[in-house]
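Below you'll find the structure, written out as structure tokens, and then a few comments.
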Amino acid sequence: MVEIVSEMVANVWKVLVSVGDQVTEGDTLVILESMKMEIPVEVTVSGKVEEVRVVEGGVVQEGDVIAVIS
Amino acid sequence: MADEAKAGRQATPAAGEDGPKFMPTLTYEGPSMKEKVEELREKRAQFEAMGGPERIERQRSQNKLTVRERLGLLFDDGTFMEYGLLAHHQSQSPQMQGRFTPADGCITGIGEIGGRRAAVIAYDFTVMAGSIGMVGEIKATRMRELALKERIPIVWLIDSAGARIQEAAGSTFARSGDLFREQVVMSGVIPQVAAMMGPGAAGTAYIPGLADFVPMVKGNSNMALAGPHLVKAAVGEDVSAEEMGGSEVHCKVSGVGDLEVADDQECITAVRKYLSFFPSSNLDRPPVAQTSDPLDRRCEDLIDLVPANPRKAYDMRKLVASIVDDHDFFPMKPDWAKNLVTGFARFGGRPCGIIANQPMFLGGALDVNSADKAARFVWLCDAFNIPLVFLMDCPGFLVGSQVEKQGIIRHGAKMLFAVSEATVPKITVVIRKGYGAGYYVMNGRAYEPDLLVGWPTAEISVMGPEGAVNIIFRKQIEAAPPEQQDEMRNQMIGMVRDQISPYIAAGWSFVDDLIDPAETRQVIGKALAVTESKRVERPWRKHGVLPV
């Protein structure tokens with residue numbers, strides 16, 4: 001299990017994956033919006049999306065878990 | 001015969017009227033000059049053998065070169081002159097009796113790196129774990145003095161357990177500590193490099209702390225104020241030297257290390273290359289290199305690399321690589337505070353320090369670590385007459401409660417301080433965003449750029465349109481019927497956005513020109529030539545009050 005965490009406080013602009021999706025390293029999971037920029041959050045491992053803990057329009061804090069990959 | 005010779009050598013008073021007279025020594029039966037030279041040769045060989053075959057083998061088995069092999073790589077062939085080879089410990093302490101410490105575990109001398117002199121202090125782990133003994137420190141002190149007097153760089157190759165406590169575990173410590181103070185005196189006068197090629201505990205950890213450039217060999221080097229045994233004794237923590245102060249920690253988390261390198265060869269290559277960008281001292285200019293890369297080479301790839309949509313990220317390192325001579329960029333702290341790219345490169349052979357926002361991380365916003373990284377890099381370049389090139393794409397300083405707790409104002413002030421203070425040529429290219437204090441610290445118009453140009457995508461403003469509308473028109477929007485609020489807000493955002501245009505900044509002549517991105521290389525190269533004789537006078541002061 002690998003937790004993908006947010007590196008900064010941001011709005012969640014787009015969620016691009018759903019639970020059960022297969023992802024490969026480097027895929028974009030969600031796009032955050034912060035400091036006038038789109039900030040893609042990439043998955044650091046290949047695997048299956050077990051959990052997505054954010055919703056579009058929500059807010060993440062630095063260190064919050066965005067998704068869990070198995 | 002032997003007795004006669006002895007008697008002959010002993011001066012015996014001869015009686016005479018003028019008082020006692022001494023007979024001159026008429027015979028000599030000691031070793032011949034040839035024998036003396038042979039004895040010297042043997043002694044030198046004995047000292048050059050370092051800690052002996054067994055310890056050298058252990059050193060090699062750890063994928064480390066010996067100290068002499070390292071020096072062979074560091075200096076141009078045949079240029080190294082060693083000082084203090086025949087030194088060894090003089091300690092009377094019981095723990096030191098019977099120990100032989102060739103060169104006292106610390107090789108010192110002067111050689112040439114790329115045809116220019118540099119001094120070295122290299123610790124030899126095969127001799128009492130490269131510990132700093134009293135004689136070794138006398139040698140190191142001499143080398144620091146010579147380097148400063150000659151105004152040449154000093155390089156430490158650190159592979160050392162720290163202070164040799166077998167010699168001085170008690171209160172004679174009261175007299176020690178000169179090395180760090182001397183390093184501070186040398187700071188900004190001569191370049192200082194501390195290459196971590198093995199352990200660097202305690203006494204040898206502040207050397208890199210005060211040096212300008214600290215490459216670290218992955219897996220073999222570490223630095224910490226105390227090694228694992230002392231940590232266990234002092235605070236009870238069980239931790240390995242690698243976990244506590246390996247290259248992973250210092251090059252990616254703490255920011256004390258500047259560059260993680262794979263092995264000893266790569267480390268020495270990095271030291272040589274780093275110094276190639278520097279003058280021998282702050283009295284000189286950095287050397288101009290030969291290059292076959294034409295300064296007027298157009299960088300058409302930039303047109304596709306950088307999205308016109310200001311919200312989209314791109315890799316700033318690719319932009320940097322595209323514009324510099326031979327696509328050759330020497331990064332400083334590439335794995336720490338990655339939202340800011342810092343490092344050395346050349347344009348038309350002229351060295352410069354590059355500071356560039358990296359939209360791939362934190363959207364290119366500045367935080368506490370990147371501000372520290374920038375401040376230190378600016379001070380480094382300014383001290384050694386290396387011009388600065390700022391590539392600006394900065395949405396501003398990160399905001400919010402988290403960064404305020406980290407002291408973003410204090411850290412941001414450091415960057416402001418360093419950039420304001422720098423009197424070397426400063427060239428700024430606004431690639432896209434230049435917002436708020438981010439525009440200032442990336443060397444905006446008020447910070448004395450010698451050339452300030454923008455791409456057609458440049459957007460300079462105190463804040464983004466959304467933020468501005470939320471502040472300026474908040475009451476008006478709130479007063480409108482709820483169903484009209486969104487439309488009203490969007491309309492006002494559009495109005496404010498129209499005010500953010502590079503042609504407004506250029507129309508006021510606040511930016512010197514707007515340029516074709518493909519000509520960025522040429523413009524920077526020309527600017528470095530144009531500003532070559534820059535001189536700035538500041539009012540006298542002892543020193544500023546640094547916001548650290």
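Taken together, the values in this text are just the output of simple stated rules run on the coordinates, not laboratory data. Here the structure is a predicted model, which is why all the values come from computation and not from measurement. So basically every Cβ, Gly included, is an ideal-geometry build from the backbone, and we count neighbours across all protein chains shown.
Per-structure values
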{"read-out": "Residues listed by number, region B:143-163, amide nitrogen under 20 Å from B:Arg99 label point at 7 Å toward C-beta", "value": "B:158-163"}
{"read-out": "Positive minus negative residues near B:Glu182 (Lys, Arg vs Asp, Glu; Cβ under 9 Å)", "value": "0"}
{"read-out": "The protein assembly as shown - share of DSSP beta bridges that are antiparallel (%, nearest 5)", "value": "55 percent"}
{"read-out": "Cβ-based charge dipole, chain B, positive-most Cα from B:Tyr439, B:Pro191, B:Gly255", "value": "B:Tyr439"}
{"read-out": "Region A:2-69, relative contact order in percent, only Cα pairs under 8 angstrom and at least six apart counted", "value": "45 percent"}
{"read-out": "Amide H contacts under 5 Å for A:Val30, placed H, 5+ residues apart", "value": "A:Leu16, A:Val41"}
{"read-out": "Full-stretch length increase - B:Glu69, B:Glu243 - with 0.36 nm per residue and alpha-carbon distance subtracted", "value": "59.8 nm"}
{"read-out": "Footprinting exposure proxy for B:Thr141, B:Thr25 (fewest neighbouring C-beta atoms within 10 Å first)", "value": "B:Thr25, B:Thr141"}
{"read-out": "Estimated distance in nm for a label pair at B:Glu404 and B:Arg142, the labels positioned 7 Å out from Cα along Cα-to-Cβ", "value": "5.9 nm"}
{"read-out": "Cβ-based net charge around B:Pro310, under 11 Å, with every Lys or Arg adding one and every Asp or Glu removing one", "value": "+3"}
{"read-out": "Region A:2-69: Rg to Rh, with Rh as the Kirkwood radius over Cα pairs", "value": "0.93"}
{"read-out": "Pairwise FRET efficiency - B:Val548 versus B:Gln491, Cβ, R0 = 56 Å, nearest 0.05", "value": "0.75"}
{"read-out": "Diffusion constant of chain B at 20 °C, which comes from Stokes-Einstein with the Kirkwood Cα-pair radius and 1.002 mPa s, µm²/s", "value": "80 µm²/s"}
{"read-out": "Relative contact order (%) - criterion: Cα under 8 Å, at least six apart; region: region B:128-262", "value": "21 percent"}
{"read-out": "In nm, spacing of pseudo-spin labels at A:Asp64 and B:Leu305 (7 Å Cα→C-beta vector)", "value": "3.4 nm"}
{"read-out": "Backbone HN-Hα couplings from phi across region A:7-18 [Karplus 6.51/-1.76/1.60, Hz, Gly and Pro as x]", "value": "8, 7, 6, 6, 7, 8, 8, 9, 10, 9, 10, 10"}
{"read-out": "Exposure proxy order (Cβ contacts within 10 Å, fewest to most) of B:Cys106, B:Cys299", "value": "B:Cys299, B:Cys106"}
{"read-out": "Net dipole in debye of the protein assembly as shown [+1 Lys, Arg Cβ; -1 Asp, Glu Cβ; about Cα centre; nearest 20]", "value": "1680 debye"}
{"read-out": "Two-site FRET efficiency, A:Glu33 against B:Ser176, from Cβ-Cβ distance with R₀ of 56 Å, rounded to 0.05", "value": "0.55"}
{"read-out": "Simple label model, 7 Å out from Cα along Cβ direction - B:Ser501 to B:Asp516, nm", "value": "2.3 nm"}
{"read-out": "Chain B - percent relative contact order, Cα under 8 Å, separation 6 or more", "value": "8 percent"}
{"read-out": "Cut-off under 5 Å, modelled amide H: who pairs with B:Trp156 long-range", "value": "B:Ile121, B:Val193, B:Ala194, B:Ala195"}
